[in-house]
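Written out below as structure tokens is the structure these notes cover.
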Amino acid sequence: MNNGFKQPAPEGWVETLWNAMSEDLGSGDPTTALFDEDQPVNWYIETQAEGVICGLGIAAYLLQPEADEPESCESNLHARDGDHVKSGTTILSGRLTAAKLLTKERTALNFLMQLSGIATLTNQFVQKVADFDVKIVDTRKTTPGLRYLQKYAVRCGGGTNHRMGLYDGIMLKDNHIRASGSITEAIKKAKAVAGHMTLIEVECETKEMVDEAFNAGAQIIMLDNMDPFLMHDIVKIYKGKVILEASGGITLDTVRGVAQTGVDAISVGALTHSAKSLAIHLEVH
């Protein structure tokens with residue numbers, strides 16, 4: 001059954017949705033006094049740009065008829081999260097009372113537009129490197145309170161999630177290393193507290209740092225802000241011995257050159273912190 005979501009659905013989405021509605025609704029929507037309580041209208045949601053849709057499951061849930069609405073009210077899905085659509089595509093339509101539809105309209109569109117923007121940008125990165133054996137992954141550079149939804153949008157766009165939070169992996173970045181004294185000492189301390197299922201990743205900026213991290217037992221090495229020539233040299237030495245992740249200001253113009261080095265993953269913070277919302281509108285007819 002199509003409920004709009006690409007499975008698995010994002011964790012905690014219902015609570016996030018109602019928090020957003022509460023933020024917008026406050027003590028009530030006085031504009032709905034324009035309409036009779038049981039006045040139904042036909043409506044549709046349409047894309048105004050080409051892209052990958054995300055947030056349909058949330059919008060469909062929000063815009064489904066409530067128990068006290070007329071029997072003629074309905075909501076119909078015409079796509080699902082992860083679908084690639086052209087401009088002018090109807091993705092959701094139905095019949096609801098005008099007051100309830102227009103009270104919920106902006107919240108539904110806010111989720112659809114932002115999440116579709118993330119899914120679309122992610123898919124653009126994925127398509128740029130589709131002929132390479134490399135994963136496009138996200139980061140923790142997400143909007144507070146929306147991480148699960150934004151990382152879900154990355155998955156809908158064909159990308160892969162990095163760790164969800166601090167709790168499901170150990171990443172030793174420059175400040176961790178400085179505070180510990182060295183890469184070797186930082187990894188030693190991390191191993192002392194890590195469970196056998198917890199991976200340790202180390203951020204490295206030079207070949208010497210990569211060598212030290214590998215020798216100290218890192219399982220993932222992030223090649224941070226390295227030029228592709230240096231990355232290529234490191235890949236020739238360590239490919240297959242440790243997971244190699246490229247990171248640092250990678251764009252649609254540079255991602256293919258990074259993929260050509262042979263790294264296993266490319267992390268892009270812009271997927272979640274700089275994606276432009278996809279143009280989508282709701283119309284009553």
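For residue 8, the shell of other residues with beta-carbons less than 12 Å away shows a net charge of +1, using +1 for Lys and Arg and -1 for Asp and Glu. Between 166, 199, 149, the Gaussian network model of the chain with springs among Cα atoms under 10 angstrom shows the greatest mean-square fluctuation at 166.
When a/c is below 1.5 the answer is rounded, else prolate if a/b is larger than b/c, else oblate, so apply that to segment 128-273 with a ≥ b ≥ c taken from the square roots of the Cα gyration tensor eigenvalues. Cα axes put segment 128-273 in the oblate bin. Segment residue 173..residue 160, full-extension length gain: 2.6 nm, with 0.36 nm per residue of separation and the alpha-carbon distance subtracted. Where both bridge residues fall in the chain, DSSP classifies roughly 50% of the beta bridges as antiparallel. Comparing Cα centroids, segment 142-177 and segment 21-42 end up 36 angstrom apart.
Taking every C-alpha pair closer than 8 Å and separated by at least 6 residues, the mean separation divided by the residue count of the chain gives a relative contact order of 23 percent.
Arranged by the count of other C-beta atoms within 10 angstrom, fewest first, what order do 263, 126, 154 take?
On the way: 263 27, 126 19, 154 30.
Ranked by crowding around the Cβ, least crowded first: 126, 263, 154.
Among the cysteines of the chain, 73, 204 have no other cysteine beta carbon within less than 4.7 Å of their own.
For segment 128-273, what relative contact order do you get, as a whole percent, if you take Cα pairs closer than 8 Å and at least 6 residues apart?
Dividing the mean separation by the residue count of segment 128-273 yields 30 percent.
Pairs from the table (128/173; 151/207; 188/239; 141/241) lying more than 26 angstrom apart at Cα are 128/173; 151/207; 141/241. Here the calculated FRET efficiency for residue 37 and residue 84, from their Cβ-Cβ distance with R0 = 41 Å, stands at 0.55, rounded to the nearest 0.05. Here each label is just a point 7 Å from Cα along the line to Cβ, and for residue 48 and residue 215 those points are 5.9 nm apart.
Loop by DSSP (not H, G, I, E, B), at most 10 other beta-carbon atoms within 10 Å: where is the longest site-free stretch of the chain for GluC sites (Glu not before Pro)?
72-285
Be a star and scan segment 102-120 for residues whose amide nitrogen sits under 16 Å from the point 7 Å along the Cα-to-Cβ vector of residue 143. Those under the cut-off are 105-120. For the pair residue 237 and residue 276, label points projected 7 Å from Cα toward Cβ lie 4.1 nm apart. Using the Cβ of residue 38 as centre and a radius below 13 Å, the other residues enclosed give a net charge of -4, where K and R count +1 and D and E count -1. Only helical runs count toward this figure. For the chain, summing -39,500 (n - 2.57) over DSSP H runs of n ≥ 4 and dividing by all residues gives -11500 deg cm²/dmol at 222 nm. Note on residue 230 and residue 74: with the Förster distance fixed at 51 Å, the Cβ-Cβ geometry gives a FRET efficiency of about 0.30.
Estimated from the Cβ-Cβ distance and a Förster radius of 30 angstrom, the FRET efficiency linking residue 198 and residue 127 is about 0.35.
Bear in mind these aren't lab numbers, they're just calculated from the coordinates by the rules spelled out. Remember, predicted model here, so these are calculated numbers, not experimental data. FYI the Cβ positions are ideal-geometry reconstructions off the backbone, even for glycines, and counts take in every protein chain you see.
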